[in-house]
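What follows is a short report on a single structure.
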Amino acid sequence: MWIGLEGDEIVSGHLPRNRKVRNIEKDPRVAISLQANTKSAMGLTEYAVLYGRARIQEGGAAALLQRLAYVYMGPGVKFPPMDNPPAGYVARIQVERIGGVGPWTGRPV
């Protein structure tokens, strides 16, 4: 899943009303885990887990996915690779706490 930042929210675009969208509509609690390519001072692989609440916004997914495609795939790419993609859904996540191993935790590990 591609994610981006808009203000203080993490956003992701979804063209169909898939299981992820329906699950958020039923229960807004979410967790996103990210793994780094770095090691802590103790040799542990660094990672972050972002916990928060999400809401679904109808529309805007195609434009968001195009913007994220430049980040994840490079300049000049067209994504989604279709004419007239559906409006889709945008998940907007407000992070409430962060865990994991790394400097973002404030704990030496």
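Each value in this text was obtained by applying a stated rule to the coordinates, not by laboratory testing. Here the structure is a predicted model, which means the values were calculated and not measured. Quick reminder, even Gly has a Cβ in these numbers, built from the backbone with ideal geometry, and neighbours come from all protein chains shown.
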Only Cα pairs within less than 10 Å get springs; with that Gaussian network setup on the chain, which residue of Gly60, Gly76, Gly52 has the largest fluctuation?
Gly76
With Cα coordinates, the longest principal axis of the chain makes an angle with the long axis of helix 61-72, in degrees rounded to 10, of 50 degrees
Estimated inter-spin distance, Gln57 and Tyr72, nm [label 7 Å along Cα→Cβ]:
1.8 nm
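Using the Cα centre as the reference, give the magnitude of the dipole from point charges on the C-beta atoms of the stretch 4-105 (Lys, Arg: +1; Asp, Glu: -1; all else neutral), rounded to the nearest 20 debye.
Values: 13 positive and 9 negative charges, 59 e Å.
The calculated dipole for the stretch 4-105 is roughly 280 debye.
Need one number: convex hull volume per residue for the chain, Cα atoms only, in Å³. Numbers along the way, then the final one.
Working: hull volume 12.3 nm³, N = 109.
Given the Cα convex hull of the chain, per-residue volume reads 113 Å³.
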Among Arg29, Arg17, Arg55, determine the one that fluctuates most according to a GNM of the chain built with springs between C-alpha atoms less than 10 Å apart.
Arg17
Only helices counted: for the chain, with every DSSP H run of 4 or more residues adding -39500 (n - 2.57) and the sum spread over all residues, [θ] at 222 nm is -5500 deg cm²/dmol
Where Rh denotes the Kirkwood radius from the mean inverse Cα pair distance, what is Rg over Rh for the stretch 34-74?
1.18
